[in-house]
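Encoded as structure tokens, the structure appears first; notes follow it.
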Amino acid sequence: MSPLGPKYGFGLYVHWPYCSRVCPYCDFNVYAAKARETAPLVAAICADIQAHRALLPEHPALSSIFLGGGTPSLLSAPDMAAILKAADEAFGLAPGAEITLEANPNDLSHARLADWAACGVNRLSIGVQSLNDDALVFLGREHDSATARRAIEAGAQQFDNHSIDLIYALPGQSLDQWRTELSNVLAMGAPHLSLYELTIAERTAFWH
């Protein structure tokens, strides 16, 4: 096990496996079950956090929590609050702890953004993937470029600390097109970008 201590930081990743649908490039442990009953999984996640607390009798307070997926922005505010409360009760939160939520552009509304902030989220990772409508259709995304732009603007209003996910090396994408896409996103003031090369993994729709 890696050493634990203030100089190393101590983070928690929570995986929410449900999506409204599975993107054709995704090889993560995810399931298309947007309307599924969530209470059993939320309870299991909270119990798992407590179990790991028992395995780490000596630990620093959490410096970061990352809610990933899947699509954790599908979580209701009470479910999200329950998971974050379990993490705080098990390990404690360090001053200024970063709590990140991965969110799809379709899920961003001013009301939901406010709910997430009230739960304790202070950083947003927005799964834009592209600002090109043809690319978004190819990638199987449910939003269009206009929705993505609105989501970036709304997210920036609620969270100073936010990140934009983009996928590059799409079939037919030129270097100039990629440069233009990067310039467009940077012009919107994104403080951080997460850039992912499109890879075709086994067990994905693209592979088959």
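Of the residues that make up segment 131-146, is at least one within 23 Å of Met80 (Cα to Cα) and surrounded by 18 or more Cβ atoms within 10 Å (Cβ to Cβ)? Checked segment 131-146: no residue is within 23 Å of Met80 (Cα to Cα) and surrounded by 18 or more Cβ atoms within 10 Å (Cβ to Cβ).
Here Leu62 fulfils each of the conditions (1) in contact with a Ser or Thr (Cβ under 6 Å, 6 or more places away or on another chain); (2) more than 25 Å from Val128 (Cα to Cα) apart from (1).
Could you check segment 175-187 and list, in sequence order, the residues that are of a type outside the set (Val, Ile, Thr) and surrounded by 13 or more Cβ atoms within 10 Å (Cβ to Cβ)? Give the steps one after another, and end with the answer.
Keep residues of segment 175-187 that are of a type outside the set (Val, Ile, Thr), which gives 175-179, 181-184, 186-187.
Result: Gln177, Trp178, Glu181, Leu182, Asn184.
Among the residues of segment 165-174, are any surrounded by 14 or more Cβ atoms within 10 Å (Cβ to Cβ), closer than 25 Å to Ala118 by Cβ and either acidic (Asp, Glu) or touching an Asp or Glu at 6+ places or on another chain (Cβ under 7 Å) (or both)? Can you show your working first?
Our first condition is that a residue be surrounded by 14 or more Cβ atoms within 10 Å (Cβ to Cβ); within segment 165-174, this holds for 165-168, 170, 173.
Next, only the ones that are closer than 25 Å to Ala118 by Cβ stay: 165.
With the extra rule that they be either acidic (Asp, Glu) or touching an Asp or Glu at 6+ places or on another chain (Cβ under 7 Å) (or both), the set shrinks to 165.
The answer is yes; a qualifying residue exists.
Taken over segment 79-107, the criterion of being surrounded by fewer than 18 Cβ atoms within 10 Å (Cβ to Cβ), farther than 14 Å from Arg53 by Cβ and charged (D, E, K, R) is satisfied by Glu98 alone.
Sort out which residues of segment 15-31 are part of a loop (DSSP other than H, G, I, E, B), out of contact with any Lys or Arg (no Cβ under 6 Å at 6 or more places or on another chain) and not aromatic (Phe, Trp, Tyr), and write them in order of number.
Listed by number, the residues that qualify are Pro17, Arg21, Val22, Cys23, Pro24, Cys26, Asn29, Val30.
Within segment 37-64, residues that are under 12 Å from Lys85 (Cα atoms) reach partners that are β-branched (Val, Ile, Thr) and buried (at least 16 other Cβ atoms within 10 Å of the Cβ) with beta carbons closer than 7 Å, at six or more positions or on different chains, in the pairs Val42/Ile83; Ile45/Val14; Ile45/Ile83; Cys46/Ile83. Here Leu12 fulfils each of the conditions (1) at pLDDT below 95; (2) touching a His at 6+ places or on another chain (Cβ under 9 Å) apart from (1). Scanning segment 35-51 for residues that are at pLDDT below 95 and charged (D, E, K, R) gives Arg36, Glu37. Take segment 23-40 and flag every residue that is surrounded by 18 or more Cβ atoms within 10 Å (Cβ to Cβ) and of a type outside the set (Ser, Thr, Tyr). Of everything in segment 23-40, those that are surrounded by 18 or more Cβ atoms within 10 Å (Cβ to Cβ) and of a type outside the set (Ser, Thr, Tyr) turn out to be Cys23, Cys26, Val30. Can you spot a residue in segment 92-113 that is farther than 21 Å from Ala151 by Cα, touching a helix residue (DSSP H, G or I) at 6+ places or on another chain (Cβ under 9 Å) and either modelled with pLDDT under 95 or of a type in the set (Asp, Glu) (or both)? Checked against the condition, which is being farther than 21 Å from Ala151 by Cα, touching a helix residue (DSSP H, G or I) at 6+ places or on another chain (Cβ under 9 Å) and either modelled with pLDDT under 95 or of a type in the set (Asp, Glu) (or both), segment 92-113 yields no hits at all. Listed by first and then second residue, the pairs linking a residue in segment 141-155 that is in contact (Cβ under 8 Å) with a residue 12 or more places away in the chain and among the polar types (S, T, N, Q) to a residue that is crowded, with 22+ Cβ neighbours inside 10 Å and in a loop (DSSP other than H, G, I, E, B), with Cβ atoms under 8 Å apart and 6 or more places separating them unless they lie on different chains, are Ser145/Ser130.
The values are calculated or read from the model by the stated rules, or taken from the named source; none is laboratory data. This is a predicted model, so every value here is computed, not measured. Note: ideal-geometry Cβ built from the backbone for every residue, glycine included; neighbour counts use all protein chains shown.
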